[in-house]
Amino acid sequence: YIFVVSKAMNKGSIMNIFNKLNIFLLTFLSLNFSPNFSLAADASGGPTSLDMIFSPVGIFSIIIFIIAYGFVMAEEFTHFRKSKPVILAATIIWVLIAYVASQDPSLSPKWAETQFRHVVLEFAELFFFLFVAMAYVNSLTERRMFDALCSWLSNNNFSYKKIFLISGVIAFFLSPIADNLTTALILGTVVMVAGRGNKAFIVPGLINIVVAANAGGAFSPFGDITTLMVWQRGFVSFFDFFNIFVPSVVNYVVPATIMYFAIPNEVPKGDGKKVVILPGGNVIAFLGILTITLTVTGHNVLHMPPVLGMMFGLGMLGTYGYFLKTKFPDKNKFDIFVITGRAEWDTLLFFYGILVAVGGLATLGYLQLISGPMYETLGPTNANVLVGILSAIIDNIPIVYAVLTAHPSMDMGQWLLITLTAGTGGSLLSIGSAAGVALMGQARGVYTFFAHLKWAWAILLGYAACVVVHLWMNAHLFDLVPLEK
């Protein structure tokens, strides 16, 4: 991979990198996989998956997935929405699974249906959780809460250095609540408005936002999709995530300290615009905090899925929205269904495609390669550190979901380690996280892949430091067996 990427980078083309990576992966698959078919069975003798790693169907499925993900990585250039190729790939993979299963007389006629329903149920819990979270964020945006924050930061005669520090700290602590993507978009706007064309400030300022948002999202189930999946699976409890708070701080502070000295020591002029929060904004913010509290309490005390508390929060938001709509029928009208219609549907459908496709690859037996060769050969610590580095090239969601599905034998310290590395490893490259990709689109031509790459060495130092701090501070957790569903 290092050889392929370095060769492609020398030619100065990001698309060349993607193309060469795909060629490398396809070559690897063609050299190492040959047709074979057998069934994997559990202790009771019943099949748990189709062991088709070396079969033509398995090889074709993995190639379909790689091609689809190639389109996802090239979305910035093709403008082909990332949800479309992965949904097609997921469907093709499961049609192949259903056909193969139907031809095996030893399997129940509904075996493939049962496996598919299990995967869809997991996605349904994630979908409704994210849907409610997006509804609250969109409601606060509509009530101009975030616009007020941007106005305050850009109109208080702060120097570039002070804006750099304040925006980074806010991003770090806002991300655990509002998720890293939303946080990056909000504070990225602040940086660009304050910078007003000053590239020397905007580039490190946006990189700082990406690193802070990803680091802050790593120690909270609400900060990133990967942490949410680990929490929902029951491997780490809500309060256990705070064990990696200090390592997350280190991950952010190290590169931020290095970049701070490159920030111009100037005071920009704000646009002078004042933003007034619309009626109900503060109440909606309170309801959002209450929703999180009830969700965590219900999960820890009643052992109910987090989606129950989140949907109750949606009910509270809709009910309060009714009173807002009746009190302000014309001006400042609030409509919950208009708000929910603004959800990031491409993102939600992308998650469907990714989780269902990876679930299909798991059914074909490919996740044995993770729980076996990867974790047993490299060891959990090295494997988890590698997962973080790979998440800078490939999105961390399919990687972490694959690990969760493979369920390698790991203690609490290791589950926290993969949460930390997968959450922060994406900061190494601009394409490694949703926050980075979003800001590349927002600051097109200024914040680019290679502009981010110039600071990758500083981010890598922070990544290595946070891993070392976690291994040292939380050494007592590496013998603790995690709770499971």
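The values are calculated or read from the model by the stated rules, or taken from the named source; none is laboratory data. None of the values given here were measured: they were computed from a predicted structure. Every residue, glycine as well, gets a Cβ built from its backbone with ideal geometry; the counts of neighbours run over all protein chains shown. For accessibility, only protein heavy atoms count, side chains too; no ligands or nucleic acids. Shrake-Rupley method; radii C 1.70, N 1.55, O 1.52, S 1.80 Å.
Computed quantities for the displayed model
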item: Candidates 443, 406, 456, filtered to the one that is open to solvent by less than 10 Å² (accessible area, probe 1.4 Å) and not aromatic (Phe, Trp, Tyr); result: 443
item: Residue check for residue 335: surrounded by fewer than 16 Cβ atoms within 10 Å (Cβ to Cβ), in contact with a helix residue (DSSP H, G or I) (Cβ under 6 Å, 6 or more places away or on another chain) and touching a residue at least 12 places away in the same chain (Cβ under 8 Å); result: no
item: Members of region 168-200 found to be of a type in the set (A, V, I, L, M), open to solvent by less than 40 Å² (accessible area, probe 1.4 Å) and more than 23 Å from residue 293 (Cα to Cα), listed by number; result: 184, 186, 187, 190, 191, 194
item: Within region 285-304, tally of residues that are crowded, with 16+ Cβ neighbours inside 10 Å and either touching a residue at least 40 places away in the same chain (Cβ under 8 Å) or in contact with a strand residue (DSSP E or B) (Cβ under 9 Å, 6 or more places away or on another chain) (or both); result: 7
item: Among the candidates 278, 302, residue that is within 24 Å of residue 139 (Cα to Cα) and hydrophobic (A, V, I, L, M, F, W, C); result: 278
item: Lone qualifier among 207, 225 - being buried (at least 22 other Cβ atoms within 10 Å of the Cβ) and over 13 Å from the mean Cα position of the chain (by Cα); result: 207
item: Out of 282, 265, sole residue that is surrounded by fewer than 20 Cβ atoms within 10 Å (Cβ to Cβ) and in contact with a Phe, Trp or Tyr (Cβ under 9 Å, 6 or more places away or on another chain); result: 265
item: Matching option when the condition is open to solvent by 10 Å² or more (accessible area, probe 1.4 Å), of a type in the set (Val, Ile, Thr), at pLDDT below 80 and not in a helix (DSSP H, G or I), among 394, 399; result: 394
item: Given (1) over 18 Å from the mean Cα position of the chain (by Cα); (2) surrounded by fewer than 23 Cβ atoms within 10 Å (Cβ to Cβ); (3) small (Gly, Ala, Ser), number of the condition residue 124 does not satisfy; result: (1)
item: Evaluation of residue 366 against (1) outside any loop (DSSP other than H, G, I, E, B); (2) under 30 Å from residue 99 (Cβ atoms) (one fails), failing number; result: (1)
item: Flag for residue 165 being at pLDDT 85 or above, open to solvent by 40 Å² or more (accessible area, probe 1.4 Å) and in a helix (DSSP H, G or I); result: yes
item: Cβ pairs under 8 Å, 6+ apart, first in region 74-103 and closer than 16 Å to residue 345 by Cα and outside any helix (DSSP H, G or I), second open to solvent by less than 50 Å² (accessible area, probe 1.4 Å) and modelled with pLDDT under 95; result: 80/74; 81/75; 81/346; 82/72; 82/75; 82/346; 82/350
item: Every residue from region 403-442 that is over 14 Å from the mean Cα position of the chain (by Cα) and among the small types (Gly, Ala, Ser); result: 406, 409, 413, 441
item: Among (1) farther than 18 Å from residue 131 by Cα; (2) at pLDDT 85 or above - the single one residue 312 does not satisfy; result: (1)
item: Test: residue in region 118-132 that is in contact with a strand residue (DSSP E or B) (Cβ under 9 Å, 6 or more places away or on another chain) and farther than 30 Å from residue 285 by Cβ; result: no
item: All positions within region 210-222 that are open to solvent by less than 10 Å² (accessible area, probe 1.4 Å) and not polar (S, T, N, Q); result: 210, 211, 212, 213, 215, 216, 217, 218, 221
